[in-house]
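Here's the structure we're looking at; comments come further down.
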Amino acid sequence: MRNTITVMNAKGGVGKSTLVLALAETLANDHGKRILVVDADAQASVSHMLLPQDRLEAVQSGGRTFVDFLIGAVLKQSSAKWQDYVVGGASDIDDARSIDLLPSDTHLTLFEREVSKGEHERELRKTVGALLGEARLLYDLVLIDSAPGLSVLTESWLREADFYISPTRPDYISTRGLKFLRQFRERDPDMGFAEPLGVIINMKDAHAPEDAQYEEWLRQDAENYCFRQPILRVSSLQAATRFAPRPRSYWAKYPGQTGASLRELAAELLGRLAMAQPGATYRGAPGRAART
């Protein structure tokens, strides 16, 4: 099954990590999906969102992050297994206990610098491809929180994952990031590239006419394959990024319309994935089939 998805926009500040968090917890809580979240951003934002601070610090200081795995596998050519670096039971939602995490750390930037300096790009892509090949069989979905821009690691995810999703804010600069990513996808097609699952309009201000205009403009471009459900910029979603000291319910974390919107988005994502599988009735761009 094709089930590995990198979440990517060349522009930062589009709410990418928060969206990965919310989708993982919704899919685990509502659909019982076993999820692997790969934190591939040096800021380690989604790692901080999914783990209590003391637990994450223990993993980082103990050399048990995803970055430590990459250093061993790519730079030291060790026989390290990525499964040994997985942190289970991530999330503070009591009914979302099927989320595993490959946590990140700030020294990811230094690792990528060493990869480029030592010309280890081929080994990196091979390592990423092998990881995803094994994870496809162990999880229902793999969500990769990719860093903005096009680093050597982000390019590996884009070329080795099955799909990519592009969150964007409905503003000019964020949408420029979509255009840049599309142009990059069209370069060197023989090297392979993930299939676009669509654009998620994120952090929309429900009361801003400019946001509504940009949303309409994004939806008019068929190549964006925009998801039907936009995600609004609300305080409850911002608060959800802080790990709670005690387990809480899904509705306590994502109350009211926020939770309803995330559930609609997660259901549409599963529908697009189903349509994109080999042998599915509709084999065109999944976003086009999803718009009715």
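Dipole orientation for region 170-223: of the candidates PRO189, TYR214, ASN202, PRO189 has the Cα lying most toward the positive pole (charges on Cβ; Lys, Arg +1; Asp, Glu -1).
Projected label points at LYS117 and GLU215, each 7 Å from Cα along the beta carbon direction, are separated by 4.7 nanometres. With only Cα atoms counted, region 62-213 has Rg and Dmax values of 17.4, 55 Å.
Here the 3J(HN,Hα) profile of region 232-249, calculated from phi with Karplus coefficients 6.51, -1.76 and 1.60 at θ = phi - 60°, is 7, 7, 9, 5, 5, 6, 5, 5, 5, 6, 8, 5, 7, x, 10, x, 9, 6 Hz, Gly and Pro shown as x. Taking the centroid of alpha carbons for each part, region 247-282 and region 136-163 are 19 Å apart. Globularity index of the chain is 0.95 (Cα radius of gyration / 2.2 N^0.38 Å, N = number of residues).
Ordering 99-109, 256-266 by mean Cβ neighbour count within 10 Å, with the highest value first, yields 99-109, 256-266.
A cut-off under 11 angstrom between Cβ atoms defines the neighbours of ARG233, and their net charge, with Lys, Arg +1 and Asp, Glu -1, is 0.
Estimated from helices alone, the mean residue ellipticity of the chain at 222 nm is -13500 deg cm²/dmol (sum of -39500 (n - 2.57) over DSSP H runs with n ≥ 4, per residue).
Restricting region 124-192 to GluC sites (Glu not before Pro) that sit in a DSSP loop and have at most 11 other Cβ atoms within 10 Å of their own Cβ leaves GLU186.
Only the coordinates and a few stated rules stand behind these numbers; no lab work does. In this text the structure is predicted, and so the values were computed from the model without any measurement. Cβ atoms come from the backbone with ideal geometry, glycine included; neighbour counts cover every protein chain shown.
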